[in-house]
Amino acid sequence: MPYHRITMTHFLLEEQRRLGRSGSFTALMTDIIFACKMIAHEVNRGALAGNHGLAGSENVQGEDQKKLDVLANDIFMHMNALGGNYAGMASEELEDVHVVHGAAQGKYLLLFDPLDGSSNIDVNISVGSIFSILRLPEGANTVAEAAFLQKGVEQVAAGYALYGSSTMMVLTTGNGVNGFTLDSNVGMFMLTHPDLRIPDDTQEFAINASRSRFWEPPIKRYVDECQAGKDGPRGKDFNMRWVASMVAEVHRILVRGGIFMYPADSENIKKGGKLRLMYEANPMAFIVEQAGGGATTGRGRIMELQPAALHQRVPVILGSKAEVERIDAYHTEFDRT
Ligand code: AHG
Ligand code: MN
Ligand code: MN
């Protein structure tokens with residue numbers, strides 16, 4: 001009987017009771033849930049609603065914005081400003097932080113990637129939204145960029161929505177990771193994946209192999225060893241995946257293990273890496289660690305990096321713990337020689 005499931009709203013209320021929280025966290029999560037449902041609807045209508053193609057503009061990082069990047073950003077901004085639960089917001093698609101003015105200014109900061117994997121929109125492959133929630137620092141009376149520049153370990157919550165063959169939301173508040181599936185007939189997310197745990201070992205890796213000529217030796221070594229399969233030093237065969245939507249890759253890893261890498265290479269290191277620290281790497285690192293996995297740059301834990309800028313980029317290696325530790329060790333060995 002499907003209606004015996006726990007709804008996401010009830011799950012959040014139960015957490016609120018258990019932790020003795022005031023309810024403002026539950027209220028801000030409700031805004032995010034609404035935003036993600038609306039984005040899911042627009043992704044789903046696709047070409048019917050004229051939602052495919054380019055917007056004809058660039059974001060602050062010089063990337064072409066797709067129509068759905070812009071629409072998803074507008075939806076996120078609007079839903080979350082309406083609720084008044086945030087003091088400020090920052091997005092991949094906005095150059096500067098957005099201060100929420102209102103009678104009841106909230107005590108949280110919201111960072112988001114409104115649409116992740118947007119190169120996949122027009123070809124009907126999974127995309128997602130990623131969010132990270134921080135506290136407005138004590139005594140911060142202006143919501144400027146500096147208030148947002150907190151380490152990943154300071155996150156209050158992080159999550160993503162996956163617009164895939166079904167729409168899901170995955171959330172951590174620092175007490176494990178839970179996954180909810182949207183029942184679109186009733187418009188509610190239902191708890192379908194309680195307490196997600198990433199297996200320690202894996203036989204699956206995800207990396208954009210077209211960049212192999214730019215890789216550093218530790219990454220090249222790891223991938224070569226995976227590809228050598230049963231006959232190589234790993235003594236087992238590996239499979240490779242690359243969706244080009246980080247949300248989809250992280251979701252696969254949460255469900256069946258694996259490793260995802262967008263490492264530093266000789267080309268992207270000029271910008272610090274490919275993925276953005278504050279609204280891609282940190283929230284995903286929080287989720288993956290809470291599910292028993294690891295998240296590193298290859299040279300240190302992602303969540304311990306002190307951010308220097310809102311749109312800062314960073315190398316990302318995350319997933320099954322034993323694999324992450326192995327790749328860290330390869331970097332340490334390489335750096336020593
Ligand atoms: P976004 O669409 O928000 O710019 O992020 C895309 C990211 C990430 O989701 C994905 O893993 C990676 O960029 C894909 O990069 P390639 O195009 O190099 O495969
Ligand atoms: Mn992204
Ligand atoms: Mn994006």
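Separation of the alpha carbons by more than 23 angstrom is noted, of Lys220/Lys270; Lys236/Lys274; Lys151/Lys274; Lys271/Lys321; Lys66/Lys151; Lys107/Lys274, for Lys236/Lys274; Lys271/Lys321; Lys66/Lys151; Lys107/Lys274. Taking amide H as placed 1.01 Å from N in the peptide plane, Leu136 has its amide H under 5 Å from the amide H of Tyr108, Leu109, each at least 5 places away in sequence or on another chain. Extension gain for Leu48 to Arg197 (0.36 nm times residue separation, less C-alpha to C-alpha distance): 49.9 nm. Note that the stretch 46-145 shows a convex hull volume over its alpha carbon atoms of 99 Å³ per residue. A 1.4 Å probe run over the stretch 8-193, with the rest of the protein chains in place, finds 42 Å² accessible per residue.
Two numbers describe the Cα atoms of the chain: Rg and Dmax, which are 19.6, 66 Å. Each of Ala144 and Thr7 was given a label point 7 Å from its Cα along the Cα-to-Cβ line. The distance between the two points is 4.3 nm. Taking all protein chains together, Met77, Met303 sort by accessible area into Met77, Met303, largest first [probe 1.4 Å]. For the residues Asp231, Asp96, Asp224, a 1.4 Å probe over the protein chains yields an accessible-area ranking, largest first, of Asp231, Asp96, Asp224. GNM on the chain, alpha-carbon springs under 10 angstrom: the most fluctuating residue among Ala27, Ala161, Ala281 is Ala27. The long axis of helix 8-19 is offset from the longest Cα principal axis of the chain by roughly 90 degrees. Using 0.36 nm per residue and subtracting the Cα-Cα separation, the extra length available between Arg234 and Thr332 on full extension is 33.4 nm. The stretch 284-337 and the stretch 198-242 have their alpha-carbon centroids 16 Å apart.
Computed with a 1.4 Å probe on the full set of protein chains, the accessible area for Arg241 sits at about 90 Å².
Rounded to two decimals, the Cα radius of gyration of the stretch 168-229 over 2.2 N^0.38 Å is 1.72. Here the sum of -39500 (n - 2.57) over DSSP H runs of 4 or more residues, divided by the residues of the chain, equals -9500 deg cm²/dmol at 222 nm, to the nearest 500.
Along the charge dipole of the chain, which of Met240, Ile6, Ile39 sits closest to the positive end, that is, farthest toward it, with unit charges on the beta carbon of Lys, Arg, Asp and Glu (+1, +1, -1, -1)? Value computed over the given set: Ile6. Reported value for the stretch 204-336: 105 Å³ per residue, from the convex hull of its C-alpha atoms. In this label model, Arg135 and Arg18 are separated by 2.0 nm, measuring between points 7 Å along each Cα→Cβ vector. Its relative contact order, with pairs defined as Cα atoms under 8 Å and 6+ residues apart, puts the stretch 229-337 at 28 percent.
Per residue, the stretch 204-336 exposes 38 Å² of accessible surface when a 1.4 Å probe is rolled over the protein heavy atoms with every protein chain present. For Leu196, the solvent-accessible surface computed with a 1.4 Å probe is close to 20 Å², ligands and nucleic acids excluded. Sorting Ser165, Ser24 by accessible area puts them as Ser165, Ser24; the probe is 1.4 Å, largest comes first, and only protein heavy atoms count. Just so you know, the averaged projected area of the alpha carbon convex hull for the stretch 8-193 sits at 11.0 nm². The angle between the Cα long axis of helix 67-83 and the main principal axis of the chain comes to about 50°, on a 0 to 90 degree scale. The modelled label-to-label distance between Val99 and Arg299, using points 7 Å beyond Cα along the C-beta direction, is 3.7 nm.
Scanning residues 5 or more positions from Leu54 or on other chains, those with amide H under 5 Å from its amide H are Lys67, with H placed 1.01 Å from N in the peptide plane.
Shown for the chain: the carbon plus sulfur share of the solvent-accessible area, taken with all protein chains present and a 1.4 angstrom probe, equals 50%.
The values are calculated or read from the model by the stated rules, or taken from the named source; none is laboratory data. Keep in mind that this is a model prediction, so the values were computed, not measured. Glycine gets a Cβ as well: all are built from the backbone with ideal geometry, and neighbour counts include every protein chain shown. Surface areas here come from the heavy atoms of the whole protein model, side chains and all, with no ligands, DNA or RNA. Shrake-Rupley method; radii C 1.70, N 1.55, O 1.52, S 1.80 Å.
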